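Presented below is the structure to which this report refers.
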Amino acid sequence: LTTSMETEMHDRLTKSLRRMTPSIILVSHAILMQKLTEHVSKEQKDFLTLLVSEESTEIGMVKHGALLKIKTLAQGTETFVRGARTAGFSSYTESGAFIDAKRNEKLSKAIEDTEHAWLLAFVALLKTLVEHQALPQNVFLVADLHARDFMKRLLSADEIKQLWLSGEHATVIPLLPQQLTSAIHLEPDVEVDMLLEALALYAIEHTKAS
């Protein structure tokens, strides 16, 4: 699931799906991100997870090993693609075409407003997390290959830095496919997908627990 849902809706949907297959579990992206982080870095108990897809940015806050809050921003990497098109760069149709260190200065300047708008929305979302809890120092990031460094740069902005009590930039740690090779084996013709691998990892652990 890309977001949370009411308990009643969850139960109704699960019941309906189990008519087709008896063994089914609905699990949110935030829980998958938590499990993925704990698998990669077992000592971590306090952290943020950040999942950036084409159309959304999802934050999960984990404290003392428990997922406390989930927040979703309805803007992702495609937000910047649309910003580029609006600025007249019609040839930039995919995130990877410009979200990298080599994009030209003219394009960088053109999407400044888009970046700033995303940043303000993201900061507003983070502020809802710090109303009663200090933000963990470590942020575990899942994003497309082309977007990782781009997102790390945005997360180093002073507007975000000031939300941490330490007064320092958050430590952004990308979660990578090779970190799961000991637990998940992909056939040669299977395309790498971190969320699908996280789902497989969750299913393996759930099966062992039951």
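The values are calculated or read from the model by the stated rules, or taken from the named source; none is laboratory data. What you see is a predicted model, and the numbers here were worked out from it, not measured in a lab. Please note: Cβ atoms are built from the backbone with ideal geometry, for glycine as well, and neighbour counts cover all protein chains shown. Surface accessibility is based on the protein's heavy atoms, side chains included, excluding ligands, DNA and RNA. Shrake-Rupley method; radii C 1.70, N 1.55, O 1.52, S 1.80 Å.
Numbers for the structure displayed
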quantity	calculated
Pairs with Cβ under 6 Å, 6+ apart, first in the stretch 55-78 and without any contact (Cβ under 8 Å) to a residue 40 or more places away in the chain, second in a strand (DSSP E or B) and small (Gly, Ala, Ser)	LEU67/GLY60
Qualifying residues in the stretch 47-69 (those that are over 12 Å from the mean Cα position of the chain (by Cα) and open to solvent by 60 Å² or more (accessible area, probe 1.4 Å)) - the one farthest from SER182 (Cα to Cα)	LEU68
Enumerated helices (runs of 4 or more DSSP H) restricted to the stretch 107-210, each holding at least 2 residues that are exposed (fewer than 12 other Cβ atoms within 10 Å of the Cβ)	112-129, 194-209
Residue satisfying condition, being open to solvent by 60 Å² or more (accessible area, probe 1.4 Å), within 12 Å of the chain's Cα centre (by Cα) and of a type outside the set (D, E, K, R), within set THR86, THR72, THR77	THR72
Flag if SER41 is under 16 Å from VAL142 (Cα atoms), at pLDDT 85 or above and surrounded by fewer than 18 Cβ atoms within 10 Å (Cβ to Cβ)	yes
Index of the failed condition, LYS102 passing every other in (1) open to solvent by 50 Å² or more (accessible area, probe 1.4 Å); (2) part of a helix (DSSP H, G or I); (3) modelled with pLDDT under 75	(2)
Filter result for the condition that a residue is out of contact with any Asp or Glu (no Cβ under 6 Å at 6 or more places or on another chain), of a type in the set (A, V, I, L, M) and at pLDDT below 85, over ALA147, ALA170, ALA157	ALA147
